[in-house]
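The next block holds one structure in the form of structure tokens; read it before the comments.
The values are calculated or read from the model by the stated rules, or taken from the named source; none is laboratory data. Small disclaimer: the values here were computed from a predicted structure and weren't measured. FYI the Cβ positions are ideal-geometry reconstructions off the backbone, even for glycines, and counts take in every protein chain you see. Just so you know, the surface numbers come from the protein's heavy atoms only, side chains and all, with ligands and any DNA or RNA stripped out. Shrake-Rupley method; radii C 1.70, N 1.55, O 1.52, S 1.80 Å.
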Amino acid sequence: DRRYLVLNVSSYETSESHILAAGSPEGIFRLVHPRSTGLRYSLRHRKDTFFIHTNDGATNFKVMTVKTSAPEKENWVEYIPHRENVLVETIALFENHMVVHERENGVQTLRILDFSNGESRYVPFPEPVYTVNGASNPEFDSEVYRFVYSSLTTSNSVIEYNLDTSEWTLVKQKPVLGGYDPSNYMTERFFATAEDGSKVPVSLVYRRGFTRDGSAPLILYGYGSYGASMDPGFNSSRLSLLDRGFVYAIAHIRGGQEMGRQWYEDGKFLKKKNTFTDYIACASHLIDEGYTSRERLVI
């Protein structure tokens with residue numbers, strides 16, 4: 001709401017915030033809570049209250065509130081509790097609503113909280129495999145939330161979502177040249193079983209008419225580091241491969257953050273081996289299920 005300047009100081013694992021009333025730009029920044037190893041937090045402001053996105057005692061993050069008059073950590077009050085199976089990625093504050101970007105079971109979600117009645121609801125998405133990212137939303141009193149939606153078959157689409165009526169409006173979609181028809185392609189999502197029994201998500205796309213008989217060439221992509229989630233978005237460059245019979249698959253392996261913060265923690269340091277064994281498990285599953293063969297798999 002432009003009432004505060006917030007100075008953030010951070011590394012990948014640790015952060016701290018300093019605040020200053022925007023009406024007193026020559027004043028002195030006030031430290032909210034000093035940095036401590038492993039503690040991350042960030043602030044949003046609404047009506048004399050800071051909403052704090054933090055991992056304090058919460059691997060998958062939670063949301064706390066505190067009055068601006070006494071923002072110290074000992075005064076923080078829980079607003080959205082920590083959940084073992086839901087990662088709270090970020091929040092966006094408006095005068096009458098809060099938009100919460102979450103991940104559950106490897107899928108991104110948008111949760112809308114209404115301050116007037118305390119109710120919440122989730123934005124429905126048209127495809128099972130997709131990517132959604134917040135766009136520029138500079139107006140605090142807006143009843144519209146703008147985000148970018150894409151999938152393995154849908155090019156980047158700017159959406160305006162009415163926070164009151166739930167109306168979904170397509171503002172602009174990136175054109176795909178060459179007569180592209182998304183209905184010619186199919187997407188799927190399933191889980192492969194890792195060496196230790198963990199379920200690893202796999203997203204894939206192929207052209208309609210594909211037969212699971214092991215004859216198709218398949219490109220399997222994976223990353224699995226730094227908590228970077230490899231979300232299934234659109235790429236026109238892969239269309240020529242799909243049109244020639246390729247399958248394109250993404251292995252959402254540990255080291256990324258698709259399945260929550262613990263998914264990242266379980267793919268680094270002495271657990272880094274999981275990144276590679278997860279990837280092998282996804283490849284083996286694709287072969288066993290007839291999407292490709294050992295001889296026609298590219299990684």
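Give me the percent of accessible area attributable to carbon and sulfur for segment 174-292, probe 1.4 angstrom. Of all accessible area on segment 174-292, carbon and sulfur atoms account for 54 percent. Put simply, when 234-247, 280-293 are sorted by average Cβ atoms within 10 angstrom per residue, most first, you get 280-293, 234-247.
The distance separating the Cα centre of segment 41-59 from that of segment 205-259 comes to 36 Å. In terms of overall dimensions, the C-alpha atoms belonging to segment 1-90 reach 43, 27, 22 Å along their principal axes, ordered largest to smallest. Judged by the mean number of other Cβ atoms found within 10 Å, the most tightly packed of the peptides 45-54, 176-185 leads the ranking 45-54, 176-185.
First check a/c for segment 117-175, with a ≥ b ≥ c the square roots of the eigenvalues of its C-alpha gyration tensor; if it is under 1.5, answer rounded, and if not, answer prolate when a/b is larger than b/c or oblate otherwise.
Values: a/c = 2.31, a/b = 1.45, b/c = 1.60.
Cα axes put segment 117-175 in the oblate bin.
In percent, rounded to a whole number, the relative contact order of the chain is 12, using alpha-carbon pairs under 8 Å and six or more apart.
For segment 239-299, rounded, prolate or oblate, judged on the Cα gyration tensor with a ≥ b ≥ c (square roots of eigenvalues), a/c < 1.5 rounded, else prolate if a/b > b/c?
Details: a/c = 3.10, a/b = 2.02, b/c = 1.54.
Prolate is the answer for segment 239-299, as a/c is 1.5 or above and a/b outweighs b/c.
The length gained by stretching the chain between S240 and K271 to full extension, at 0.36 nm per residue less their Cα-Cα distance, is 7.4 nm. How big is the gap, in Å, between the Cα center of segment 173-201 and the Cα center of segment 11-25? Computed from Cα coordinates, the inter-centre distance equals 40 Å.
Please list 149-158, 29-38 highest first by mean number of surrounding beta-carbon atoms within 10 Å per residue. The partial results should precede the final answer.
On the way: 149-158: 20.8, 29-38: 13.1.
Result, highest mean Cβ count within 10 Å first: 149-158, 29-38.
Within segment 71-174, the proportion of C-alpha pairs whose separation exceeds 17 Å stands at 56%. Please label the shape of segment 56-105 as rounded, prolate or oblate, based on the square roots a ≥ b ≥ c of the eigenvalues of the alpha-carbon gyration tensor (a/c under 1.5 means rounded; beyond that, a/b larger than b/c means prolate, else oblate). Taking the square roots of the gyration eigenvalues as a ≥ b ≥ c, segment 56-105 is oblate. Per residue, segment 1-119 exposes 49 Å² of accessible surface when a 1.4 Å probe is rolled over the protein heavy atoms with every protein chain present. Summing Cβ point charges (Lys, Arg +1; Asp, Glu -1) relative to the Cα centre of the chain gives a dipole of roughly 680 debye.
Distance from the alpha carbon centroid of segment 65-92 to that of segment 131-168 works out to 24 angstrom. Once both labels are positioned 7 Å from their Cα atoms along Cα-to-Cβ, the gap between S215 and R296 label points is 0.7 nm. For the chain, the longest principal axis of the C-alpha atoms and the axis of helix 273-288 are separated by about 40°.
Using the rule -39500 (n - 2.57) for each DSSP H run of four or more residues, divided by the residues of the chain, the 222 nm mean residue ellipticity is -2500 deg cm²/dmol.
Based on a Kirkwood Rh over C-alpha pairs, give the Stokes-Einstein translational diffusion coefficient of segment 195-275 at 4 °C and viscosity 1.567 mPa s in µm²/s. Working shown, then result.
Numbers: Rh = 13.8 Å.
Rounded, D is 94 µm²/s.
Amide H contacts of H45: F51, each under 5 Å away and 5 or more positions distant or on a separate chain (H built 1.01 Å from N in the peptide plane; Pro and chain starts excluded). Put simply, segment 150-242 fits an ellipsoid with semi-axes of 27, 21, 13 Å; these come from the alpha carbon gyration tensor as the roots of five times its eigenvalues, largest first.
Using a simple spin-label model with pseudo-atoms 7 Å out from Cα toward Cβ, S136 and S116 lie 2.9 nm apart.
Shown here is the pair-distance distribution of the chain: with all Cα-Cα distances grouped in 10 Å bins from zero up to the longest one, the shares run 6, 24, 29, 24, 13, 5, 1 percent.
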